[in-house]
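See structure below.
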Amino acid sequence: AADTPPLETLSFHGDEEIIEVVELDPGPPDPDDLAQEMEDVDFEEEEEEEEGNDEGWVLEPQEGVVGSMEGPDDSEVTFALHSASVFCVSLDPKTNTLAVTGGEDDKAFVWRLSDGELLFECAGHKDSVTCAGFSHDSTLVATGDMSGLLKVWQVETKEEVWSFEAGDLEWMEWHPRAPVLLAGTADGNTWMWKVPNGDCKTFQGPNCPATCGRVLPDGKRAVVGYEDGTIRIWDLKQGNPIHVLKGTEGHQGPLTCVATNQDGSLILTGSVDCQAKLVSATTGKVVGVFRPETVASQPSLGEGEESESNSVESLGFCSVMPLAAVGYLDGTLAIYDLSTQTLRHQCQHQSGIVQLLWEAGTAVVYTCSLDGVVRLWDARTGRLLTDYRGHTAEILDFALSKDASLVVTTSGDHKAKVFCVQRPDR
């Protein structure tokens, strides 16, 4: 992708529009560009603090926690304050000692991983809480419900410091280096707020939901996928799309997920059309298309038919090898070699994959699925390393601590669980 020559124009399928490609400065990103637009926001990357956990983990099973009725419970801690399905979980990035979970019970909670103790409830939601996350410095926590009500709390004081009602919420993400919150809504808009003063900017997409989005590592651009299959790469300072992929360049169905590699040079997008597209963030060109062999060998289906049986649900890049993982609703985990753009391994699950995450610094990929199991795979060999059980319903989301010592899961069984992940020689 890095060798792709810069293009002056990008031509789309048929008679669709010609989009001007804005050349990006190849030099190191200047975080102050965006800071000037949104005053008082410090986009300078903070030094990574190697914070140890002096207190140590107290991973004792809680009294009164009911074990799985369908087999062993490998978890160390169970958080059971939710009264309905738990949709989302996020860990605080600084210390990885706190979790925030949101659920179908219209509630969100911030709690401690070591013992499951509740720190505070993020009160006031009146619809399912589907998005939750900590700011880059762990000082703020944001929660968003399906109706579009977003709230931000200061973690230290446990006080609400900001709220906003947008359209029906599709996704939400904090900026990687600043107290800036982004969200995509069903009306096609992507919103960006400075928290807590509320300065706002909107990026208007097509007249259909902005189904997924991700801020690129440089903090100056964001990639957003839409229900009509289009992909836009936005300049966060100027407020305009740098690249638009549509028609044959885009997807033939709604976008479901998007990921970027570590330096932000490559973007991977997934859709209900069962395709994962590899896109150069610099040129906006599609440089690879991946489909599982089981799908590619099927006869061509009519528009919309594929989405009934299969779709891309999650994807991500390995940080130490040129590999990408794609998880499908039919239970296939596909490991692709980016340098040769070939399928390296297919790892089969008995039920659909909900999400996958790569372990930092290794070629190990974690999956959670509708059978309620977390699995660890060696992407070099395609071998299953180990699995963790304990939920009595499907896992809906999970998070992995930075040192890959803990996995935190949420489930349709109304519970969140903390698993201590063993690290055999790899």
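The values are calculated or read from the model by the stated rules, or taken from the named source; none is laboratory data. Bear in mind that the values here come from a model prediction, so they are computed numbers and not experimental data. No Cβ is skipped: glycine too gets one built from the backbone with ideal geometry, and neighbour counts run over all protein chains shown. Just the protein is used for accessible areas: all its heavy atoms, side chains included, with ligands, DNA and RNA removed. Shrake-Rupley method; radii C 1.70, N 1.55, O 1.52, S 1.80 Å.
Annotations for the structure displayed:
- Residue in segment 369-381 that is touching a His at 6+ places or on another chain (Cβ under 9 Å), in a strand (DSSP E or B) and among the hydroxyl-bearing types (Ser, Thr, Tyr) present: yes
- Pair list, Cβ < 7 Å and 6+ apart or interchain, from segment 310-334 residues that are touching a residue at least 24 places away in the same chain (Cβ under 8 Å) and open to solvent by 10 Å² or more (accessible area, probe 1.4 Å) to residues that are in a strand (DSSP E or B) and hydroxyl-bearing (Ser, Thr, Tyr): Glu313/Thr256; Glu313/Tyr328
- Filtering segment 122-152 to residues that are of a type in the set (Phe, Trp, Tyr) and open to solvent by less than 10 Å² (accessible area, probe 1.4 Å) leaves nothing.
- Scope segment 368-389; condition β-branched (Val, Ile, Thr) and either over 18 Å from Pro72 (Cα atoms) or buried (at least 21 other Cβ atoms within 10 Å of the Cβ) (or both); matching residues: Val373, Val374, Thr381
- Filter result for Gln262 (free of Cβ contacts under 8 Å to residues at least 40 places away in the same chain, surrounded by fewer than 22 Cβ atoms within 10 Å (Cβ to Cβ), out of contact with any Asp or Glu (no Cβ under 6 Å at 6 or more places or on another chain) and over 17 Å from Ala183 (Cβ atoms)): no
- Restricted to segment 99-201, the set of strands (runs of 3 or more DSSP E) holding at least 1 residues that are modelled with pLDDT of 95 or more and of a type in the set (Asp, Glu) comprises 118-121, 140-145, 159-165, 169-174.
- Val421 vs. criteria at pLDDT below 95, out of contact with any Gly (no Cβ under 9 Å at 6 or more places or on another chain) and buried (at least 19 other Cβ atoms within 10 Å of the Cβ): yes
- Complete set of residues in segment 223-241 that are among the hydrophobic types (A, V, I, L, M, F, W, C) and under 15 Å from Leu268 (Cβ atoms): Val223, Val224, Ile231, Ile233
- Single match in Thr185, Thr211, Thr202, Thr157 (criterion: more than 25 Å from Leu245 (Cβ to Cβ) and of a type in the set (S, T, N, Q)): Thr157
- Candidate set: segment 245-259, residues that are in contact with a strand residue (DSSP E or B) (Cβ under 7 Å, 6 or more places away or on another chain) and open to solvent by 30 Å² or more (accessible area, probe 1.4 Å); chosen: the one nearest to Met172 (Cα to Cα): Thr256
- Odd one out for Val89 among (1) touching a Gly at 6+ places or on another chain (Cβ under 9 Å); (2) β-branched (Val, Ile, Thr); (3) open to solvent by 40 Å² or more (accessible area, probe 1.4 Å): (3)
- Any hit, segment 134-153, residues being closer than 24 Å to Pro217 by Cβ and among the charged types (D, E, K, R): yes
- Filter pass, Asp403 being more than 23 Å from Gly102 (Cβ to Cβ) and in a loop (DSSP other than H, G, I, E, B): yes
- Only residues that are out of contact with any Leu (no Cβ under 6 Å at 6 or more places or on another chain) and aliphatic (A, V, I, L, M) were counted across segment 94-114, and they come to 4.
- Looking across Glu249, Glu159, one residue alone is acidic (Asp, Glu) and touching a Leu at 6+ places or on another chain (Cβ under 9 Å). It is Glu249.
- The residue list Ile242, Ile267, Ile233 contains one member that is open to solvent by less than 30 Å² (accessible area, probe 1.4 Å), within 19 Å of His175 (Cβ to Cβ), among the β-branched types (Val, Ile, Thr) and touching an Asp or Glu at 6+ places or on another chain (Cβ under 7 Å), which is Ile242.
- Of all residues assigned to segment 282-302, at least one qualifies as being open to solvent by 40 Å² or more (accessible area, probe 1.4 Å), modelled with pLDDT of 95 or more, of a type in the set (D, E, K, R) and over 24 Å from Met192 (Cα atoms).
- Hits in segment 150-181 - residues which are aliphatic (A, V, I, L, M) and in contact with a Gly (Cβ under 8 Å, 6 or more places away or on another chain): Leu150, Ala166, Leu169, Met172, Ala178
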